[in-house]
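One structure is given here, and the rest of the page talks about it.
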Amino acid sequence: MHEDQPTALTPVQTAVLESVAPHTRHDPYRAYEVLRAAGPFVLGPLGTQLVPGYREADEIMQNPAWSHAEESELLHPNSDVELPGSFLWMEPPDHTRLRGLVSKAFTMRTVEGLRARTEQVVADLMDKVLAEQEVDLLESLAYPLPLTMVCELLGVPVDAHEHVRHMSAGIARGLDPDALLSPEELAARTTAVHDFTSFFGDLLAERRKNPQDDLISRLVRAEAEGARMSPTELLGTLLILVVAGHETTVNLIGNGVLALIRNPDQFALLKSDPDLAAPAADEILRYDAPVHLTTRTARAEITVSGRTFQPGDAVIVLFGSANRDPQAFPDPDRLDLTRYAAGKKTNRHLSFGLGLHYCIGAPLARLEMEMTLRAIATRVAGFTLHQDPPPYRPNLVVRGMSALPVHVRPEETR
């Protein structure tokens, strides 16, 4: 008998590991299924409880007694660089103050004013896609659309767009727990944050001298008018607007196209009714979320689904799992572009979060996805996927493909 023989992992322990393993990044949903069946809370990494079910995730994210401010310390305890202080990781009153300064740029009314510009950018990109036909759809469409829109909104010069993308990619990977990052990835995050701080620090200084009609100039003006925004807070606000403003939408577009390719009946439905593009965007957000998890820390004694949490107890809320919970969504593993159509009653997806930390850029992301789906519905006859599953980035938090090579068949003009 071997006394030191390792103990075999239970199916639930295996599922916990599988949910974060690089080799399952293309499909973590089978692991999520096991976690949901295990109960409302499952012991996870970093001394946390995983929250895989919809009811508990919904309750926790809506309750302001659960704080988001500890996420940086929880996931990045050994970071040698401090990510600039974004309102994403703050609670009131600082969260309220900083979010209020940028919220006007992302209201439904303001974003609707960007519809024509978004449609034009999509049309120009689609012209090139249809002319080339053999493309990496991430490079040709999914990246340039949201990158162009957020850079124009902020006021980033055109010749700096690619530099912003490169910095943002390093930071997006660095949002994953430090324990999952290699020394090279940690170093790349450090470099990206320093580059970001330097680039946007210079741009802020330039806008103080020569204000323009852009969001950076408006933030600088608010700062000058006594809005109590520190330089670090200003840089942190820009960081989250840039990273969340395009990295997540890249994944949303990529995931959506892949889902349409794999579900030809739904692609045909969208082509038959392009007005489904808006509700289809929400179904794709539910079906294959671009962000898969977030954290919350109890600020008081809180009981959820019979479990009592003490102040300081942390949980990891699994958006991607909650969005596929059969207790909340009938036939959750099926893509149904009509699920959020007008007149239908269904639970909201959790991909934009809830409560105080609901995604400020949600209206813009929805608009960009709607315009993309409309263009696909009216101009693309079909796609041929060259590799299934496509290659995925190692990113856990901001999850998506690293490439989506396809052949695109143009719709015949009549």
Worksheet item: Which of the residues that make up the stretch 274-322 are under 19 Å from G44 (Cα atoms) and in a loop (DSSP other than H, G, I, E, B)?
Response: H292, S305, G306, Q310, P311, G312, D313
Practice prompt. Spot the failing condition for V156; the list is (1) assigned to a helix (DSSP H, G or I); (2) touching a residue at least 24 places away in the same chain (Cβ under 8 Å); (3) touching a helix residue (DSSP H, G or I) at 6+ places or on another chain (Cβ under 8 Å), and only one is missed.
Written response: (1)
Discussion item. Just to be sure before I move on: is A65 among the hydrophobic types (A, V, I, L, M, F, W, C), touching a residue at least 40 places away in the same chain (Cβ under 8 Å), surrounded by fewer than 17 Cβ atoms within 10 Å (Cβ to Cβ) and out of contact with any Cys (no Cβ under 8 Å at 6 or more places or on another chain) in the structure I sent?
Written reply: yes
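Out of L285, L293, L364, I need the residue that is crowded, with 19+ Cβ neighbours inside 10 Å, in contact with a helix residue (DSSP H, G or I) (Cβ under 7 Å, 6 or more places away or on another chain) and modelled with pLDDT of 95 or more. Which one? So that I can check it myself, show each step before the final result.
On the way: L293 fails: modelled with pLDDT of 95 or more; L364 fails: modelled with pLDDT of 95 or more.
On inspection, the qualifying residue turns out to be L285.
For every residue, the table says whether it meets (1) more than 22 Å from M149 (Cβ to Cβ); (2) assigned to a helix (DSSP H, G or I); (3) not basic (K, R).
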{"residue": "R348", "(1), (2), (3)": "yes, no, no"}
{"residue": "G353", "(1), (2), (3)": "no, no, yes"}
{"residue": "L356", "(1), (2), (3)": "yes, yes, yes"}
{"residue": "R366", "(1), (2), (3)": "no, yes, no"}
{"residue": "M369", "(1), (2), (3)": "no, yes, yes"}
{"residue": "L373", "(1), (2), (3)": "no, yes, yes"}
{"residue": "A377", "(1), (2), (3)": "no, yes, yes"}
{"residue": "G382", "(1), (2), (3)": "yes, no, yes"}
{"residue": "Q387", "(1), (2), (3)": "yes, no, yes"}
Discussion item. Out of the residues in the stretch 386-414 meeting the condition of being surrounded by 14 or more Cβ atoms within 10 Å (Cβ to Cβ) and under 17 Å from L270 (Cβ atoms), tell me which one is modelled with the lowest pLDDT.
Written reply: E411
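Which residue out of L125, L130, L137 is within 19 Å of the chain's Cα centre (by Cα) and either of a type in the set (A, V, I, L, M) or farther than 14 Å from R379 by Cβ (or both)? Steps first, please.
Numbers: L125 fails: within 19 Å of the chain's Cα centre (by Cα); L130 fails: within 19 Å of the chain's Cα centre (by Cα).
Being within 19 Å of the chain's Cα centre (by Cα) and either of a type in the set (A, V, I, L, M) or farther than 14 Å from R379 by Cβ (or both) holds for just one of L125, L130, L137, which is L137.
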Worksheet item: All but one of (1) within 18 Å of the chain's Cα centre (by Cα); (2) part of a helix (DSSP H, G or I) hold for I360; which doesn't?
Response: (2)
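The values are calculated or read from the model by the stated rules, or taken from the named source; none is laboratory data. The structure presented is a predicted model; accordingly, all values stated were derived computationally and were not measured. Neighbour counts run over all protein chains shown; Cβ positions are idealised from the backbone, glycine included.
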